[in-house]
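Structure first, commentary second.
Every number in this text was worked out from the coordinates using simple rules, so none of it is lab data. These numbers were taken from a predicted model, which means no experiment stands behind them. Cβ sites come from the backbone with ideal geometry, for glycine too, and all protein chains shown count toward neighbours.
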Amino acid sequence: MSFDAAARVHVAPLGLEHDRIVDPPVEYGADRVVLLDYLPDYLDDRLTPDDIVAEFDDRGIAAEVVECEMGDFFDAMAVFGAVITDHPDDEVYVNLATGNKVTAIAGMLACMATEAAQPYYVEAEDHGSHRAPVPTGVRSIDAIPRYPIDRPDDQLLEVMEFVATSDRADHDGEPYRIKRELIEFGEREDLPFLADYTGETEKGKFRRLEAHVVTPLTDRGYVDVESVGTRKRVYLTDLGHNVLRAFRFRTG
């Protein structure tokens, strides 16, 4: 007989500070560490991923390096969200102290959006300055409370993904879907706005699409609807593209 225990997984941006990356997983008995390697190679004072992996290995902790782009908030949010959801059966802890302000905010929001990871902050013993040397040592490791956030539900994200991947495009190359396609997609994927619909009229389906999908997306500024002849084209806005990029991990 075997018993499966959840692994303790720590996620940390691979920044410039050795101690605040290495000490928390060691102190709290991590089974695995995921290091997010996002800094450009030309930085002279960046940590060497192989050296950090070897150090964890010497301490009996498995470590992996994920090379990623976290140039803006939406990229960073997507990276954290994907890593967290890759460990659905594990206890996931996200280190907010080892990157920059963008990665800290994105990591915190990813923890709240997934409701599947515990964020924490590591206070350095010696804070250094804005120049070298970087902060060293660890004074304390503090769990950060999570709060619910208002994010698009999975149904809206799936529709946004469907719009973004359309083969239809206008003369500017911007993809769009017509509303009829959204209804067919909802039926095919058994989305909630049609899953419990017992009516038989097409008008009823369009009303449900409008009430449960199109209006919520337009109210949030994620889509625009444009009339062309008798058809209504649904486009993602710039904000919609960015939100989808941040939450795409929810669509699988």
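The calculated FRET efficiency for the pair His18 and Ala82, based on their C-beta separation and a Förster distance of 30 Å, comes to about 0.75. Taking the average, over residues, of other Cβ atoms within 10 Å as the packing measure, peptides 152-162, 61-71 rank 152-162, 61-71 from highest down. Between the helical axis of 49-58 and the longest alpha-carbon principal axis of the chain there is an angle of about 60 degrees. Spin-label pair Ile178-Asp41: with each label point 7 Å from Cα along the Cα-Cβ axis, the two points sit 4.9 nm from one another.
Each of His212, Gly240, Leu191 was scored by the projection of its Cα onto the charge dipole of the stretch 154-251, and the greatest displacement toward the positive side belongs to His212; charges sit on the C-beta of Lys, Arg, Asp and Glu. Helix 238-247: angle to the longest alpha-carbon principal axis of the chain, degrees 0 to 90, nearest 10? With rounding to tens, the tilt is 50 degrees.
Note on the chain: with charges restricted to the Cβ of Lys and Arg (+1) and Asp and Glu (-1), its dipole about the Cα centre is near 1300 debye. The count of lysine pairs in the chain whose Cα atoms are under 27 Å apart, excluding pairs fewer than 8 places apart on the same chain, comes to 5.
For the chain, DSSP calls about 40 percent of its internal beta bridges antiparallel. Highest mean first, the peptides 82-94, 109-121, 202-214 sorted by other C-beta atoms within 10 Å per residue fall in the order 109-121, 82-94, 202-214. Descending by average beta-carbon neighbour count within 10 Å, the peptides 26-33, 8-15 line up as 8-15, 26-33, the highest first. Sorted largest first, the spans of the alpha carbon positions of the chain along the three principal axes are 66, 52, 28 Å.
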